[in-house]
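K.L.:
Okay, here's the structure, questions in a sec.
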Amino acid sequence: MSRIYLSPPDLRQSDHAAVGSALASNWVAPVGPELALFESKICQLVNRESALAVNSGTAALHLALEVIGVGEGDIVLCSSFTFAASANPIVYCGATPVFIGSEHRTWNMDAEALKEALETLSAEGTKPKAVIVVQLYGQCAEMNKIEELCAEYGIPLIEDAAEALGASYKGRPAGSFGDFSFFSFNGNKIITTSAGGMLLSNNKISVEFARSLSMQAREPVVHYEHQRIGYNYRMSNVLAALGRNQLGDLKKRIEIRKGHYEAYREALEKLPGVTFMPLADSNAVNYWLTCLTFESEKTNVAAVVDKMENEDIELRPLWKPLHLQPVFKGIRYFGKRVEETLFLNGICLPSGSSLTEAERLRVIQGVRGCF
Ligand SMILES: *Cc1c(COP(=O)(O)O)cnc(C)c1O
């Protein structure tokens with residue numbers, strides 16, 4: 001029996017062909033036609049004016065912060081319940097994060113806590129330079145309230161939709177919110193370019209600025225002229241071909257992941273103390289990972305993860321809140337600590353679109369065996 005991974009890359013024959021033809025075209029470096037095609041396909045999918053394909057979601061976020069002008073001494077508000085990549089670029093810019101806790105309903109940024117942070121900071125005479133809201137596990141936050149608050153305080157909003165491609169909120173696609181948004185195409189995401197990301201905005205000028213920064217900030221002249229520090233963040237044309245092809249069956253990928261969620265739910269929901277991640281709107285999530293929580297007195301998450309590891313099944317605890325991370329020690333936090341409990345009691349189950357029914361059954365039997 002082979003190891004079962006949480007969310008491994010799912011490559012089809014057509015992906016091989018797409019990469020092969022990109023190679024055959026000799027558009028290997030530095031850019032090429034696949035990039036613009038991939039960018040416009042994502043724009044169409046999520047109703048955005050402009051996109052920039054880069055070599056990671058982290059790079060996309062870093063560029064968004066740079067274009068906004070986040071710098072030394074600035075404050076940026078960010079969801080606490082997320083992967084470190086949602087906040088690391090704040091520090092790259094010399095700014096300081098302030099973390100916002102989660103609400104029970106979506107596990108995402110609690111608008112009440114955001115409001116409290118904005119009021120408190122404003123009373124102290126501080127205006128945050130940006131808000132980063134994360135759409136965790138493929139489900140959107142209460143975007144109406146968060147957008148309203150950002151508009152009220154005149155603060156740019158960045159949507160971390162890294163995990164949320166294909167999800168939506170009140171009919172609006174994930175990746176269409178805020179001044180900037182971004183996706184990740186890392187190997188564990190719903191589609192992959194092995195590594196990659198996409199920055200999106202309706203402001204074309206901002207995206208063109210980010211495009212220049214992503215290619216070493218070369219001025220548009222034939223000799224190498226630079227007026228500011230740039231980065232080497234552009235996606236390769238070969239990987240754009242892979243991404244574009246993977247996008248073609250996004251709907252099917254979501255359906256498969258939804259099937260995993262439903263099978264897990266049916267098989268595990270009645271176990272004592274087990275609660276599945278609440279879905280505010282089950283039509284609007286992308287089912288990236290099936291997540292559930294245990295009642296802490298009944299089940300020990302670390303023991304479950306260990307036991308499954310012995311059976312060669314990769315389970316993961318939920319994200320450790322960033323305000324609890326040693327590297328962010330002493331950073332301010334606003335919230336009700338909902339995510340602290342989720343982290344202590346929650347796990348993600350193998351949910352990849354290449355997971356077979358037999359493998360899923362092994363996971364189910366493994367989890368049942370922990371009770
Ligand atoms: C994966 C992920 C990122 C980072 O994306 P990379 O492409 O790996 O740099 C950022 N935020 C969240 C929530 C993620 O899950």
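K.L.:
State yes or no: is Leu165 under 12 Å from the mean Cα position of the chain (by Cα) and either within 16 Å of the ligand (Cβ to nearest atom) or in the same structural domain as Leu136 (by TED's automatic domain parsing) (or both)?
P.N.:
Here the answer is yes, as Leu165 does meet what is asked.
K.L.:
Being in contact with a helix residue (DSSP H, G or I) (Cβ under 8 Å, 6 or more places away or on another chain) and more than 16 Å from the ligand (Cβ to nearest atom): is that true of Glu255 here? Walk me through how you get there before you give the answer.
P.N.:
On the way: in contact with a helix residue (DSSP H, G or I) (Cβ under 8 Å, 6 or more places away or on another chain): no; more than 16 Å from the ligand (Cβ to nearest atom): yes.
Considered against the rule, which asks whether it is in contact with a helix residue (DSSP H, G or I) (Cβ under 8 Å, 6 or more places away or on another chain) and more than 16 Å from the ligand (Cβ to nearest atom), Glu255 comes out as no.
K.L.:
Condition (residue is within 16 Å of the ligand (Cβ to nearest atom) and assigned to a loop (DSSP other than H, G, I, E, B)) applied to region 19-31: is it met by at least one residue? Reasoning before the result, please.
P.N.:
Within region 19-31, the subset within 16 Å of the ligand (Cβ to nearest atom) is none.
No, region 19-31 contains no residue that is within 16 Å of the ligand (Cβ to nearest atom) and assigned to a loop (DSSP other than H, G, I, E, B).
Yes or no, residue by residue, for (1) surrounded by fewer than 20 Cβ atoms within 10 Å (Cβ to Cβ); (2) in contact (Cβ under 8 Å) with a residue 24 or more places away in the chain; (3) touching a Ser or Thr at 6+ places or on another chain (Cβ under 9 Å); (4) closer than 20 Å to Glu163 by Cα:
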| position | (1), (2), (3), (4) |
| --- | --- |
| Met1 | yes, yes, no, no |
| Ser21 | yes, yes, no, no |
| Gly32 | yes, yes, yes, no |
| Lys41 | yes, yes, no, yes |
| Arg48 | no, yes, yes, yes |
| Asn55 | no, yes, yes, yes |
| Gly73 | yes, no, yes, no |
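K.L.:
Can you name every residue in region 153-166 that is surrounded by 24 or more Cβ atoms within 10 Å (Cβ to Cβ) and assigned to a loop (DSSP other than H, G, I, E, B)? Steps first, please.
P.N.:
Residues of region 153-166 surrounded by 24 or more Cβ atoms within 10 Å (Cβ to Cβ): 158-166.
Within region 153-166, Ala161, Ala162, Glu163, Ala164, Leu165, Gly166 qualify.
K.L.:
Of everything in region 174-186, what is within 11 Å of the ligand (Cβ to nearest atom) and either closer than 21 Å to Val70 by Cα or not in a loop (DSSP other than H, G, I, E, B) (or both)? Give them in sequence order. Talk me through it step by step, then tell me what you get.
P.N.:
Keep residues of region 174-186 that are within 11 Å of the ligand (Cβ to nearest atom), which gives 182-186.
Phe182, Phe183, Ser184 - these are the residues of region 174-186 that are within 11 Å of the ligand (Cβ to nearest atom) and either closer than 21 Å to Val70 by Cα or not in a loop (DSSP other than H, G, I, E, B) (or both).
K.L.:
Condition first: assigned to a loop (DSSP other than H, G, I, E, B) and either more than 30 Å from Pro8 (Cβ to Cβ) or more than 16 Å from the ligand (Cβ to nearest atom) (or both). Can you find one or more residues in region 187-205 that meet it? Show your work before the answer.
P.N.:
Of the residues in region 187-205, the ones assigned to a loop (DSSP other than H, G, I, E, B) are 187-196, 202-203.
Narrowing further to those that are either more than 30 Å from Pro8 (Cβ to Cβ) or more than 16 Å from the ligand (Cβ to nearest atom) (or both): 202-203.
Yes: one or more hits.
K.L.:
Among what's in region 326-341 and is surrounded by 15 or more Cβ atoms within 10 Å (Cβ to Cβ) and within 16 Å of the ligand (Cβ to nearest atom), pick the residue that is nearest to the chain's Cα centre (by Cα).
P.N.:
Of everything passing the filter in region 326-341, Glu339 is nearest to the chain's Cα centre (by Cα).
K.L.:
Consider Ala85 carefully, then state whether it is within 13 Å of the ligand (Cβ to nearest atom), within 29 Å of Arg234 (Cα to Cα) and part of a helix (DSSP H, G or I). Give the steps one after another, and end with the answer.
P.N.:
Values: within 13 Å of the ligand (Cβ to nearest atom): yes; within 29 Å of Arg234 (Cα to Cα): yes; part of a helix (DSSP H, G or I): yes.
Yes: the conditions hold for Ala85.
K.L.:
I would also like to ask the following. Quick check on my filter: what residues within region 12-56 are closer than 19 Å to Ser206 by Cα and either more than 25 Å from the chain's Cα centre (by Cα) or hydroxyl-bearing (Ser, Thr, Tyr) (or both)?
P.N.:
Result: Ser40, Ser50, Ser56.
The values are calculated or read from the model by the stated rules, or taken from the named source; none is laboratory data. These figures come from a predicted structure and were not determined experimentally. Glycine also receives a Cβ, built like all others from the backbone with ideal geometry; neighbour counts cover every protein chain displayed.
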